[in-house]
Amino acid sequence: MVPAANTISIPASGNFGIHRTLPPDDGLYGAATSMCDLLVLDDDPLVRTMLVEALREEGLDVIGAGDETEALAALRLPEPPRVFVTDLDLGTARNGFVIAGMAQMLFPGVAIIYITGRPDSVRDHVMGEREMLLMKPFRPGELVAAARQMMSSGFPQPA
């Protein structure tokens, strides 16, 4: 099956991999390579799906990633996300801080929202100007508000 012209598909490791459908280029949304709003990295497919759907319901353009490989592939899209949301405990040797650091090296203007249910995992991390923490459990509306705040903060976006 050949994807539609307005679809970007990135091979993923599971059923909940990256799949981003973009609006057609009708002059309102720009080209199919326009910058997306958010990238959500969470290794739990249910949590990731819930977060992605809540953000999309608010009109945000979101890419979901289930692991480091998928997240880094999304960060290499022609126009990277403006905000990177990452769980800290990804079940691998590299945690969300490491992946976020890689994202910031690639795109110094990208904003980061860390999510975690483990307060001890943030004990030694000093938050930067473009970083924010949401402790689980949180309501989807809290993530939407945080994302909108980060997108409107006036800091330079990834080039």
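Read-outs throughout are calculated quantities, based only on the coordinates presented, and are distinct from any laboratory measurement. Values in this document were obtained by computation on a predicted structure and should not be read as measured data. Neighbour counts are summed over all protein chains in view; Cβ atoms, including those assigned to glycine, are modelled from backbone coordinates with ideal geometry.
Exactly one residue out of 77, 72, 133, 143 is surrounded by 12 or more Cβ atoms within 10 Å (Cβ to Cβ), without any contact (Cβ under 8 Å) to a residue 24 or more places away in the chain and either among the charged types (D, E, K, R) or closer than 18 Å to residue 39 by Cβ (or both), and it is 133.
Taking the criterion of being closer than 14 Å to residue 89 by Cα and touching an Asp or Glu at 6+ places or on another chain (Cβ under 9 Å), the residues of region 127-144 that qualify are 134, 136. For residue 126, the conditions (1) farther than 20 Å from residue 47 by Cα; (2) β-branched (Val, Ile, Thr); (3) surrounded by 12 or more Cβ atoms within 10 Å (Cβ to Cβ) all hold with the exception of (3). All conditions but one from (1) closer than 14 Å to residue 144 by Cα; (2) crowded, with 17+ Cβ neighbours inside 10 Å apply to residue 53; the one that does not is (2). Only a single criterion out of (1) more than 26 Å from residue 58 (Cα to Cα); (2) surrounded by 18 or more Cβ atoms within 10 Å (Cβ to Cβ) is not satisfied by residue 82, namely (1). Could you run through region 109-130 and say how many residues are more than 15 Å from residue 38 (Cα to Cα) and either in a loop (DSSP other than H, G, I, E, B) or hydrophobic (A, V, I, L, M, F, W, C) (or both)? Residues in region 109-130 being more than 15 Å from residue 38 (Cα to Cα) and either in a loop (DSSP other than H, G, I, E, B) or hydrophobic (A, V, I, L, M, F, W, C) (or both): 10 in total.
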